[in-house]
Each structure stands twice: as structure tokens, then as C-alpha cells.
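This report refers to the structure that appears directly beneath it.
The values are calculated or read from the model by the stated rules, or taken from the named source; none is laboratory data. Just so you know, these numbers come straight off a predicted model, no measurement behind them. Note that we place each Cβ from the backbone using ideal geometry, even for glycine, and neighbour counts take in every protein chain shown. Note: areas computed on protein heavy atoms with side chains; ligands, DNA, RNA excluded. Shrake-Rupley method; radii C 1.70, N 1.55, O 1.52, S 1.80 Å.
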Amino acid sequence: MTEIRRFGHLHVHSPFSFLDGATRIGELASIAASMGIAALGLTDHDNLSGAVKFKEALNEVGVKPIIGAELTMEGGHHLVLLCEHRKGYANLCKIMTRAHLENERLKPCARFRAIVENSEGLILLSGCRRGEIAEALLSRNWKRARDIASMYKRAFPGRFFLELSEWLLPGSRTLNGLLWQLGEELGIPVVATNDVHYGNKEDFKVHDILTCIRTDTRLEDVAPERPLNAENYLKSPGQMERLLAESLGRAACERIMANTWSLVERCSEDVLPSALSFPAFETGSSESSESMLRRLTYDGAVSRYGKISSTVKARIDHELEIISKLGYADYFLTVWDLVKFAQSSGIRYAGRGSAADSAVAYCIGITEVDSIARGLLFERFLSLERAQKPDIDIDFDARFRDKIFEYVRRKYGDERVGWVCTYNTFQVRSAVREIGKAIGFQEEELDNLAKCLPHIPADCLEEAITKFPELRALRLPMDKFKLLFEMCGRLAGFPRFLGTHLGGIVLSGSPLTDITPLQMAAKGVKIAQFDKDDVEALGLIKIDLLSLKMLSAIEDAVRAGGIDYDAIPLNDETTFKMIREGETVGVFQLESPAQRALQRRLNADHFEDIVASVALIRPGPVKGNMVDPFVARRNGREPVTVLDPRLENILEKTYGVVLFQEQVIEIATVIGGFTPGEADKLRRVMTHGRSREEMDKIGEIFISKAIRNGTSPEVAKKIFECIKEYASYGFCEAHAAAFATTAIKSAYLANHYPAQYYAALLSNQPMGYYPPSVLVLEAKRRGIQVLPPCVNRSGLSFSVEGVQIRSSLMVRDMDKAIAQRILQERSKRPFSSFEDFLHRVKPPRDAVLSLICAGTFDQWNTNRRALLWKACGGEGKDIEEFSLGEKLAYEYRSLGFTISGHPMMLWREKLNRSGVRNSSELGYLAPGAAVTVAGFPVRPHRPPTKSGRITTFMSLEDEFGLVDVTIFEDVYQKYGCFIFGKCLSPLWVSGILSKRGKSPGLIAKHLGPLPSYHPARVF
Amino acid sequence: MSLPKDVPIRVMALNYDGSLKLRAFSCGGRWYRVTRVLEEWFDTGEWWKGESEKRFYRVEAALSLFEVYYEPQSKTWRLYKVYD
């Protein structure tokens, strides 16, 4: 066992110093523990993002965590602050918030006055070579160094220390001698630090690369910020002592080490808040929040259920008791209040996620899933045993989500509301581009590689180069790329910058800046410096205000069609017929090729089928080969069996298959005798990819409890094997049910109001699975023509004209303000000619060119080339019209889809002559037929498979519709570069026609690019 | 002092407790006794080209200042600079 030395490193940077820390927090902790270092002080640049993970990692290995930060001061100097106790942490949050918010984004700058005003509980260290004192001494300005040190000492009486480090840089020894002398003269204690930026000496290379990225330099460049040597690593106490003794002598060294230890002892390791901090809900009277929640829930239950049965009452009381015991009544009321605001403002919303397991959430209008009727377990959402913070997710119409946030901000005050951040990390493409640039690769070389890269972790790059055909086709010289691949592996998953969580906000009972520093995000909102997991550890509760464009599209469609959304039935037979035929392009959650193929086999005829569908087409069930057995059981081709009669009720609705997380909880409860809360804990433990040993241990517990509960050992073992297999990818039933409701209603709209629905989808792009070109094709297939924009008829969105869809004015290069100017001018009187339009609107040239290419002025002149000449100042006389190919290419460029025809028409004659089929013909051919089809590849993807072999799915789009193509590994390995390569063009695919259910598909045998047709290059 | 720069030199040094104590070096046919080591630093050089870390010393000898370095890859000492 390593001897723990009386020494701690007080100045340590983690990867959260963003490009200035090269060793992961867990590794830093392990290295410290292995060297017997008693404590580490986290001092990242201007942020505390690593604090929670740092504390957890150090606690795990028995090293004391000290929390602090290195601040950037006016003039670019550095100063280190360490938290002595909890108050110091709160003050550090305040100081850093001011440093960020009072300065330009990403250029935080702390003012010494702000530090002094909030200095309680903080210890000041003089900083590294970029500290003001070190800089003064290095420039031989003794007086200035003395003045600054005196000022610091006065501002932090008994809490200011000089930092002394032996970095083995030129001038270090002289600097250290002067620092020691300064300390002696002014009576300031000196402590030993090493400005640690990496754990091992070898990690210097990683740090050097990060520094190059940070300073936008190449390895070959000379840059002052790049350290000369590799000495900023986690040195052992012995090394630190020896270097100091060499530099300053034994006596000074002993005093410095003693000072360092006393500072370690002085700083508390429990400075991070953890107590629940949520604002008390203003009930508007003396009524308590618990009482108000009870009242609202029972009022809601009356309107939801009419009569409150004993089952409903028991369930509501059970939930309210848990909510009350955990202290979350205020949280529920706050969410209730904001959905009430959404309702009163006409903002469409839908509660989702595990909150839909709650009957209280249903009764007070947060969700639309009747968890009691569905038999959903509240404990999947909240339990006393797990005592995890609740997390309510609500989707809002994307256009108004920010309005909801604004309401919350106004109601609870700016100082108590903020967005949760995300730690955006190095992904494979960004790693290749940034690291490659630092190493000195040409941009083109990196672009070639990055564009072909699949979505793999950056540390799998080297392996991927030989695994994926599109990467092999690049024929990269491995020697040249060796360092790049190695560094991509080392930096995989390293935090790169703070982003804004898609919808997570936190509300705090106390000022948020007591708990987290805030900074400005790119989108102009204040974000906490902690992500969703870390804010929870700090006692904050997150509410997810998600923006869902499908809700915007639904809102547009129901408005256009004058439809009562709430009255849309969930059992409309013709809608289910459409779903069964897989005609679901554009339908929420049911439109992917896998979903469409499933629907053609599943024979869905009621709501539960759609709930199961939402849960089935996920990586887990697909990887676990669950889909086919489920379909077979659903359609009576396989018997429904269960391992124990007690499972019959639990697995009835999924035909004996464990599909939902709630089922795992119920099984553990019924078979293992766990309480629901314990069972959910078990499920969570099993979910988080445990090692085989850990899983075996869990299994032992489950099996022994099941045996005690009357199950035979054999059955208990089998049941555990079963839930073990599904626990890692089981889906939350409540969430599936919430999504299924929207899915069926959107399918109803697509079925009965296709013009309104597809117009709404096109207005809200980008959204959904398919690009606009596929949606236009789908609308056309349903008999809805999409018309070009018209300067006298189009608006800002796509609109319905009879049974046709009119394209919007928002073409490429069109600004909303210009479009509004067009509408404003048009409201005075219609435009009478192209010239009249130009004269009155005076639009920018790029926007006019796009409008012309989209066909916006076809009513006056269909010769678009002539109009382009006119727009550019020419006369536009005797100009030949565009060919069809050119016309389509320019339409696609302006609109993202074509109107005058489909680009595949350009090849069709030749394809017909060659016996190539189109998508509409496949339905008439027998399965097993050898066919060749051609089209544009749409969304090629490689979902994970149980065998680990690569199966690629894509659709081919031609002028008649889509053909779904499956490409197995052997074919993919030959032709993958045409599917995922850098330049994608229309493909021909030869293969065998397959039919699963009524669904024609193609199993590819050979494929390749179609011979080029010049204008189609634009596609 | 016109001594050749960046040439191999001979050095007398003690290796004590993992650190080198430079005592004397020979250059241009003459031995210089190190009276004081003023600074000592490491330079990683062009690591991406396989260069190894060099160890530099700024020393006082024969009333002059010298910078010498040790290059572990070739196990050689070299004179880097002379401050006349």
C-alpha cells in the first residue's frame, strides 16, 4: 500500500480547463493515489465545470479534493483562489459569474475589487508564471512585485500565499529565489505547487497539441504559450521536495512543504452544495404547497376520471405521499404553473418521459398518459429508495419554447433561473480537423477524411480506417497519420467547450450564483457551468423545456384545417390501415424505413401496437433481435409463453416479451420481492453497462430473493437471464405511450388532411427523418401537388391552395425581413410584373436569383434564364431557356426540392432501355426476383447489430417514391465508398427483391454510381 | 572567448539522488571547473520528430558564463552558448 505523504498539489488543471488540461480527472485521481499524494486542488481556468466529477473521483480513491479556480485577471494575469469552506465556494461562483457576464463572451476577466468584495472563505495564491507577482519579478521589477504582494496580503489577511514551483525552465531558479526573498521580507508564507496540466510526463504531448489548438498554431510554429518542457505533471511529494531543496536549500524547502500541508488541512473537502434548492411555490394564500398540489390533483382527477374510484384514490395518495416526503410538491406546482401558462397562451405542449408514469402529473395536466389505466409504475419516475431528483420533460411547440422560458425567468427572477450546460466533447470529426490542423496537415487532406468518417468514438479511428470501405478507399499513408490517430484516441471525449442543453433549465431557491457560476452561451442565454448530472448533484432540479418541431407542424396543420386536435380519435380505422401499409413518411416516430417495414408486418390495429412500435425500433431491441419474435407473437405465429404464471399479467400487453423498463421493475417486485423503489434501483444498476462480475453479483441477489419469494431456483435463474438481456435497452413505457399519442394523431392528420399536414411539415424544416424532397414526393404520391412560390400568393410558410401546396417565399438566401417587405408591399396592391417587384421591394440580388430559380415569377415569364439576366442588369432578350436538367438543379438549390419534375427523369429513358425498374413497379414483382433500381440515396445508416457485422439500410428516391434497400456486410465492403463517400451521386442497385409482409425491399448484391449527367451534379 | 559552439564536450558530473551535479567540462582542449550552477532547465525540443528532451545548465566557470546541455538520445554533452 502506498504511503500517504503530507503533501497536496494545490494547483491542478483538469480537461475542464478547455484545451489546457491533458489528463482525465479519473486518471489524475489514480495517479495521485498511487503516489501517496494526500490532496489535489482543482484550479481550472475561469470555471468550476469539473468540480463535481473531481470530488467524486478523488473521494473514490481516498484523495482529498480541494476546489478552486485559476482566474484570468485584467491584463491577462492569473490568480488562484481556493475554497476554504462552503461560503468560499459561493463567493467563487459569484466572482466567476461577474468575470464572465461583465465581459465579452468567452473572454472572462475578473476584477480584483470583485474578488475582495467576495473574499470570505477564499484563499488566494499568487498564481503561475503568468501571475502578476511572478511577471514583475521576471521583469526585475522588485518594487512592483513587493507592492502587489503587499496589496494581496492586505486584501486577504492570513489567507494569501506565494506559489513557488520548480518548472525547470530558464530563469526558474532565479524566480524562486526572488519569491522566497519576497515572502521572507513581507511575512507571506510560501507554498509549493507545480501548475499541473497533465498527470504523467508523457501526457505533455497531448498538452502541447491542445495548446496548439488553443493558440491556433502548428507544432512547427513557435508560440510563447507552448511550454518549453514537460515538467507540469503530477510530481510525487519526493520529487517536489528534492527539486525545492536543490533550488532553495533544505531549510527553505522544509518550511515550504510545511506551509503547503497546513493549507491542505485548512481547506475543507466539502465545499460543494448538495442540499435541495428549489424555489417555494407561491400558492397565493396561506395554503401549503403540499395541500395545494393535493387539491389540484383531486380536482384534476375529477375531470379526468369523473368519479374517483378507490384505486385512483389509493394511487394518488401513494404518489402524493412520496412527493411530499421527498419535498417535491413545489417542483410539481412549478411545472403545473408553466403548462398552465402554455395552455392559456395557446402554446401546444406534451409531457413525455418517465413523468408520464405519474398519475399526479396526469391529473394536473402535465402529461396526457393515464398511468393508472395503463398500470404504469410511479416508482420508475420517483421513489423513496432511489431518492433521485425528478426530471419532468415537456415538449413545446418549437416556436414558443423560449417564451415559456421567459415566463419562468420573469416569474422567479433572473438570479434564480438558468440553463443547464452540456459538456461538448471532441468527437471524431472535430478531433480529426482540429488535431490534424495542429499537427500541420493540409485542410483538404483533413476534409477528405472527416467527410467520410462514420459516427464512431474518436479512439476507434485507427481501427475504422481498415474496417470501413469508404475509409479504405482513401488509401491513407498510415505513417503520416499515425500521430493524428494516436492523439485522436487520447483526446476522445475530452471536453471541448460548454454548450447549452437542448431544453434543461434549473430554478433555484437561493440565488443560482451561490451554487454555480453562470456564463453566456452562444445563443445569448445564461448557462450554469454544470451539466444535467452535475446540477443534480449540487441540489438543483432540472426541468426540460424541449422544443419539438412536430408540435409546431401539428399546430400549423390543425389551424389550417380547422381541426380540433383533442378530438382526433386514437382508433381511426383508415388511419390504422394507412399505418399497416407503411405509408407513414412524415408521421411522428413512425416514418423511418425500419418503422415502415415494421408496420407492414405488425398489423397494428390499436393504440398499444403503436406504443410497442415506438419502443421496438431502437438500437437495443433491434440489436437484441427482439423485433421478429415480437411480431410473430403479436400475429399469433408463435405461442405467447411466460416463465412463471405470475408474469402473465405483467407481460400480457407485450405478448410475453420484456419490452419496457416498467416491466423489469414489476418482475423484480413480483418475483424477487423487491419494493418498487428497490426494483427500480436494480434496473438502473443493470442498465448502466456493468461488468460481468457486477452483473453476476446482482444476479445472485435477485435469484436468492426470488427463491425466498417462492420461485424455483431454475426459473429464478431463467427470469434473471431474461431481464438481464433486456434491462440494458428496455424503453420507458410511459414515454412510449406519450409519443404514441402524438404519432397516431400525426398519422391521422397525414391521412385525412394531407395538404395541410405536408405543408406544415415543409414549413417547419429541418425536422423529422426525411429531407424536404422526400416529403414533396410523398405529398405528390398522395395526390397533392407542390406549387412553386408565387410573389403574389406565397407567404412566409407553405400554404394550402385547394388540394395543392403553395411553396413559401423563404427560399435560399431569403431573409425573413425581406419576405415581410414583400408581403407588406403586396398588401398595398399586387405586383404587376417582375420589374414592379424589383422597383417596390428592392431585394438583395442573391435573394432575387433564388426566387427566380424557384419559379416565383413564372406567372410573368417562364424563361428563368432571361429573368436572371434582367436581375443582373441585362436586357434578357433572345436568351435560351434553361434545359430541364438545369431548371431542376436550380430549383433544388433554391428550394431543397424540385417542382418541374424529378431529377431521376433525366436518366429514366436510358434506365428503361437498360431494364432498370422504378420504385412503383416493385410491388407487382414476385419476391426473389432479380431487379435493378436507381435513385438518390436517402439517409444511409448502419445501426448496431448483435453480431457486430455491418448492415446498411438506405432508401433510394426516384420520381415515383422510395425503395428501401438493405446492404449486408459483404456487399457493403465492396461498394461502401459509393454509399458513404465524400461525393454522393445517384446510384443504381442490383439485387433480390424481398417482401416482408406487404413491404417490397431490395437486398443489394451490386451497386454503383449512375453515369454522370452534368446538371445533376448540383444534387 | 572563441570556443566552438554546439560541439561535443567532455563533462565531469556526479549523479546524486537522481539529479546530475555538474562539476567540470572540457572544451577546446581546456578543462573548466564549474564554480556555480545558476540555472538548470529542460527543453523537449521537436518531440513530434522523435527528438528527446535536452537538459540545459547555465554555469559559471573561469569567470565566464556558459550554457551546456546533455542530449540523452546520443548520450552526449554539448556546449551551447558562451557569454563573454
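Of the helices (runs of 4 or more DSSP H) lying entirely inside region A:395-494, those containing at least 1 residues that are within 14 Å of another protein chain (Cβ to nearest Cβ) and either in contact with a Phe, Trp or Tyr (Cβ under 8 Å, 6 or more places away or on another chain) or modelled with pLDDT of 90 or more (or both) are A:428-439, A:478-491.
Could you list, in sequence order, all residues of region A:287-304 that are under 21 Å from A:LYS325 (Cα atoms), part of a helix (DSSP H, G or I) and of a type in the set (Ser, Thr, Tyr)?
Answer for region A:287-304, where residues must be under 21 Å from A:LYS325 (Cα atoms), part of a helix (DSSP H, G or I) and of a type in the set (Ser, Thr, Tyr): A:SER289, A:SER291, A:THR297, A:TYR298.
Within the option set A:LEU512, A:LEU471, A:LEU491, A:LEU498, being buried (at least 21 other Cβ atoms within 10 Å of the Cβ) and touching a Gly at 6+ places or on another chain (Cβ under 7 Å) holds for one residue only, A:LEU512. With the condition kept exactly as written, say whether any residue in region B:8-23 is buried (at least 19 other Cβ atoms within 10 Å of the Cβ) and touching an Asp or Glu at 6+ places or on another chain (Cβ under 8 Å). No, that holds for no residue. Across region B:42-75, what is the total count of residues that are more than 30 Å from A:LYS482 (Cβ to Cβ), hydrophobic (A, V, I, L, M, F, W, C) and without any contact (Cβ under 8 Å) to a residue 24 or more places away in the chain? Going through region B:42-75 one residue at a time, the tally reaches 1. Looking at (1) more than 22 Å from A:PRO645 (Cβ to Cβ); (2) of a type outside the set (D, E, K, R); (3) open to solvent by less than 50 Å² (accessible area, probe 1.4 Å), which is the only condition A:ILE701 fails? It is condition (3) that A:ILE701 fails.
Looking across region A:44-55, the residues that are touching a residue at least 40 places away in the same chain (Cβ under 8 Å) and either of a type in the set (Asp, Glu) or open to solvent by 20 Å² or more (accessible area, probe 1.4 Å) (or both) come down to A:ASP46, A:LYS53, A:LYS55.
When A:SER985, A:SER994 are screened for being outside any strand (DSSP E or B), within 27 Å of A:ASN912 (Cβ to Cβ) and open to solvent by 10 Å² or more (accessible area, probe 1.4 Å), only A:SER985 passes. Within region A:894-919, being assigned to a helix (DSSP H, G or I), of a type outside the set (A, V, I, L, M, F, W, C) and over 30 Å from A:ALA1004 (Cβ atoms) holds for one residue alone: A:SER894.
Report yes if A:ASP221 is within 14 Å of chain B (Cβ to nearest Cβ) and either small (Gly, Ala, Ser) or free of Cβ contacts under 8 Å to residues at least 60 places away in the same chain (or both), otherwise no. Yes, satisfied. Summed over region A:110-161, residues that are touching a strand residue (DSSP E or B) at 6+ places or on another chain (Cβ under 6 Å) and at negative phi total 15.
Pairs only if they're at least six apart or on different chains, beta carbon under 7 angstrom, first in region A:329-350 and open to solvent by less than 10 Å² (accessible area, probe 1.4 Å) and assigned to a helix (DSSP H, G or I), second modelled with pLDDT of 95 or more and among the acidic types (Asp, Glu); list them, first residue then second. Sorted first by the residue in region A:329-350, then by its partner, the pairs are A:ALA329/A:GLU290. Got at least one residue in region A:145-153 being among the acidic types (Asp, Glu) and assigned to a loop (DSSP other than H, G, I, E, B)? No, region A:145-153 contains no residue that is among the acidic types (Asp, Glu) and assigned to a loop (DSSP other than H, G, I, E, B). Annotation note: of A:GLU225, A:GLU246, the sole residue that is in a loop (DSSP other than H, G, I, E, B) and either modelled with pLDDT under 95 or not charged (D, E, K, R) (or both) is A:GLU225. Against the test of being closer than 27 Å to A:ILE256 by Cα, in contact with a helix residue (DSSP H, G or I) (Cβ under 9 Å, 6 or more places away or on another chain) and assigned to a loop (DSSP other than H, G, I, E, B), the options A:GLY21, A:GLY41 yield a single qualifying residue, A:GLY21.
Looking for something among the polar types (S, T, N, Q) and within 30 Å of A:PHE936 (Cβ to Cβ) - is there at least one such residue anywhere in region A:698-717? Looking for residues that are among the polar types (S, T, N, Q) and within 30 Å of A:PHE936 (Cβ to Cβ), one finds none in region A:698-717, hence no. Residues of region A:638-652 include none that is of a type outside the set (A, V, I, L, M, F, W, C), without any contact (Cβ under 8 Å) to a residue 60 or more places away in the chain and open to solvent by less than 70 Å² (accessible area, probe 1.4 Å). Screening A:PRO593 with (1) under 30 Å from A:TYR423 (Cα atoms); (2) touching a Phe, Trp or Tyr at 6+ places or on another chain (Cβ under 6 Å); (3) modelled with pLDDT under 95 gives one miss only, at (1).
For region B:39-55, what are the residues that are closer than 17 Å to A:LEU168 by Cβ, within 7 Å of another protein chain (Cβ to nearest Cβ) and either open to solvent by 40 Å² or more (accessible area, probe 1.4 Å) or not in a loop (DSSP other than H, G, I, E, B) (or both)? Within region B:39-55, B:GLU39, B:GLU40, B:TRP41, B:PHE42, B:ASP43, B:TRP47, B:GLU53 qualify. Scanning region A:233-253 for residues that are closer than 22 Å to A:HIS45 by Cβ and either within 11 Å of another protein chain (Cβ to nearest Cβ) or of a type in the set (D, E, K, R) (or both) gives a single hit, A:LYS235.
Every condition in (1) of a type outside the set (Lys, Arg); (2) within 27 Å of the chain's Cα centre (by Cα); (3) open to solvent by 20 Å² or more (accessible area, probe 1.4 Å) holds for A:VAL587 except the one numbered (3). Does at least one position in region A:814-833 carry a residue that is under 35 Å from the mean Cα position of the chain (by Cα) and part of a loop (DSSP other than H, G, I, E, B)? Yes.
Scanning region A:808-845 for residues that are in contact with an Asp or Glu (Cβ under 6 Å, 6 or more places away or on another chain), open to solvent by 20 Å² or more (accessible area, probe 1.4 Å) and under 18 Å from A:LEU796 (Cα atoms) turns up just one, A:ASP813.
Evaluating A:VAL52 against the criteria (1) under 15 Å from A:PHE16 (Cβ atoms); (2) part of a strand (DSSP E or B); (3) touching a helix residue (DSSP H, G or I) at 6+ places or on another chain (Cβ under 6 Å) leaves one unmet condition, (2). Residue count for region B:56-84 under the criterion of being more than 12 Å from B:PHE25 (Cα to Cα), among the aromatic types (Phe, Trp, Tyr) and within 11 Å of chain A (Cβ to nearest Cβ): the result is 1.
Kindly indicate the residue of region A:155-195 that is within 14 Å of another protein chain (Cβ to nearest Cβ) and of a type in the set (Ser, Thr, Tyr) and also most open to solvent (accessible area, probe 1.4 Å) among those meeting that condition. Of everything passing the filter in region A:155-195, A:THR174 is most open to solvent (accessible area, probe 1.4 Å). Per the listing A:ILE31, A:ILE66, A:ILE25, the residue uniquely open to solvent by less than 10 Å² (accessible area, probe 1.4 Å) and at pLDDT 95 or above is A:ILE66.
Pairing each residue of region A:154-175 that is within 21 Å of A:GLU117 (Cβ to Cβ) with any residue that is of a type in the set (Lys, Arg), provided the two are 6+ apart or on different chains, yields C-beta distances under 8 Å for A:PHE160/A:LYS153.
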